[in-house]
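In what follows, a single structure is set out as structure tokens and then discussed.
The values are calculated or read from the model by the stated rules, or taken from the named source; none is laboratory data. None of these values were measured; they are calculated from a predicted model. We place every Cβ from the backbone using ideal geometry, glycine too, and count neighbours over all the protein chains shown.
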Amino acid sequence: QRLKTTANITQSFDWIRSSIVFTLPHTDIDTQYQTGTTWTQEIVDLLLHNGDAKACMRAPTVQRIPFLEIQAPPPIPSGLELLGSMKPPRVIKTHLPIQLVPEGFWKNKCKVIYVARNAKDNLVSYYHFDRMNLTQPEPGPWDEYIHKFMRGKLSWGSWYDHVKGYWQEREKRNILYLFFEDLKEDPRREVERIMRYMDLSVSDDVIDKIVQLTSFKVMKDNPMANYTFLPKAVFDHSISAFMRKGEVGDWTNHFTPAQSQMFDEDYARQMADVDIPFRTSI
Ligand code: A3P
């Protein structure tokens, strides 16, 4: 059923080919999926446009900030094709683990913003995303999905290796390592941190505006940021909205006590070699 839907996708993507592509400074936003990528993309885009809401309504997120490794059936442009039609400097999104990031990113000293999210909330968010994203394999039952996550058998590989890879390289490669939980706790502080990292300076009023425009509620209602611009054959929001809850701690509504204990024991083993300050509540 899921494979069949891709046949209908091609026609729906005409807007990508016909729309204007903007030139942006060359910054890379790296994440595992469902960690706050879209949120960070919106913050970065607004910082680059001095908080101008209209500028950020000019096109859907995927077009403003192309997704490096995304492939689609022709004639839908791939992420690389879209990027090829933009002049550097550009903003790029990727979910690639650090070892697969093209060498040119490091050689050209691209700014790299990495966004991580605690494993349990990330897993919950993956699960609902895999339900509604019809280009992903069926998630199957929740209990089995937890095991797939722990074994790294999901798209973009092991969560554990992903977050560790960027963490271990963050100082050497000047990566800004952000946490979803920090964004939730104090969005203003995190917007300012991103601004400084990007060598930008905007007024306090503009920062307030950016915090407001990138709140969950505003982004959920923004058709250029909430992924309703994709056809239903790709993202079926009637199954689960892309902008689903945007909370820290939703995992408590999904894990049973036994699942939580089993997950924590495995987590302790897999993360024994690092000390990344993830928080499962704020
Ligand atoms: P939930 O499924 O927990 O709601 P990504 O963009 O990396 O795919 O991440 C998607 C997750 O980030 C979803 O999490 C989505 O709701 C959440 N998200 C997106 N924008 C957000 C915002 N402005 N505030 C809080 N959460 C946001």
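Within the set F105, F129, F149, the sole residue that is more than 16 Å from the ligand (Cβ to nearest atom), surrounded by 18 or more Cβ atoms within 10 Å (Cβ to Cβ) and part of a helix (DSSP H, G or I) turns out to be F105. Which one is nearest to the ligand (Cβ to nearest atom), of the residues in the stretch 52-71 that are in contact (Cβ under 8 Å) with a residue 60 or more places away in the chain, assigned to a loop (DSSP other than H, G, I, E, B) and under 16 Å from M86 (Cβ atoms)? The selected residue is P60. S215 passes every criterion in (1) surrounded by fewer than 19 Cβ atoms within 10 Å (Cβ to Cβ); (2) more than 17 Å from D186 (Cα to Cα); (3) within 13 Å of the ligand (Cβ to nearest atom) apart from (2). Applying a threshold of 6 Å to beta carbon distances and a minimum spacing of six or more residues, or different chains, the list of pairs starting in the stretch 84-107 at a residue that is under 24 Å from P60 (Cβ atoms) and ending at one that is of a type in the set (A, V, I, L, M) and in a loop (DSSP other than H, G, I, E, B) reads S85/V21; M86/V21; R90/L24; V91/L24; V91/I65; I92/L68; K93/I65; T94/L68.
Of all residues in the stretch 34-51, those that are on the phi > 0 side of the Ramachandran plot and in contact (Cβ under 8 Å) with a residue 40 or more places away in the chain have Cβ atoms under 6 Å from Cβ atoms of residues that are more than 13 Å from the ligand (Cβ to nearest atom) and of a type outside the set (K, R), 6 or more apart or on another chain, in N50/V202; N50/V206; G51/V206.
Give the stretch 87-97 a look and list any residue that's at pLDDT 85 or above and more than 15 Å from the chain's Cα centre (by Cα), or say none. Across the stretch 87-97, the qualifying residue is only R90. Every test in (1) outside any helix (DSSP H, G or I); (2) surrounded by fewer than 17 Cβ atoms within 10 Å (Cβ to Cβ) is passed by A258 save one, and that test is (1).
Inspect all residues belonging to the stretch 83-94 and state whether any of them is of a type outside the set (S, T, N, Q) and part of a helix (DSSP H, G or I). Yes, the stretch 83-94 contains a residue that is of a type outside the set (S, T, N, Q) and part of a helix (DSSP H, G or I).
Rundown of residues vs (1) in a loop (DSSP other than H, G, I, E, B); (2) within 13 Å of the ligand (Cβ to nearest atom); (3) among the acidic types (D, E), yes/no style:
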{"position": "E138", "(1), (2), (3)": "yes, no, yes"}
{"position": "K164", "(1), (2), (3)": "no, no, no"}
{"position": "K172", "(1), (2), (3)": "yes, no, no"}
{"position": "L178", "(1), (2), (3)": "no, yes, no"}
{"position": "K184", "(1), (2), (3)": "no, yes, no"}
{"position": "E192", "(1), (2), (3)": "no, no, yes"}
{"position": "I210", "(1), (2), (3)": "no, yes, no"}
{"position": "V248", "(1), (2), (3)": "yes, yes, no"}
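Put simply, of T5, T23 the only residue that is hydroxyl-bearing (S, T, Y), farther than 30 Å from L123 by Cα and at pLDDT below 85 is T23. Looking across the stretch 85-102, just one residue is polar (S, T, N, Q) and buried (at least 22 other Cβ atoms within 10 Å of the Cβ), and that is T94. In the stretch 251-271, the count of residues that are out of contact with any strand residue (DSSP E or B) (no Cβ under 8 Å at 6 or more places or on another chain) and either at pLDDT below 95 or near the ligand (Cβ under 10 Å from one of its atoms) (or both) is one or more. When the stretch 218-235 is limited to residues that are within 28 Å of T280 (Cα to Cα) and over 17 Å from the mean Cα position of the chain (by Cα), the one that is nearest to the ligand (Cβ to nearest atom) turns out to be V218.
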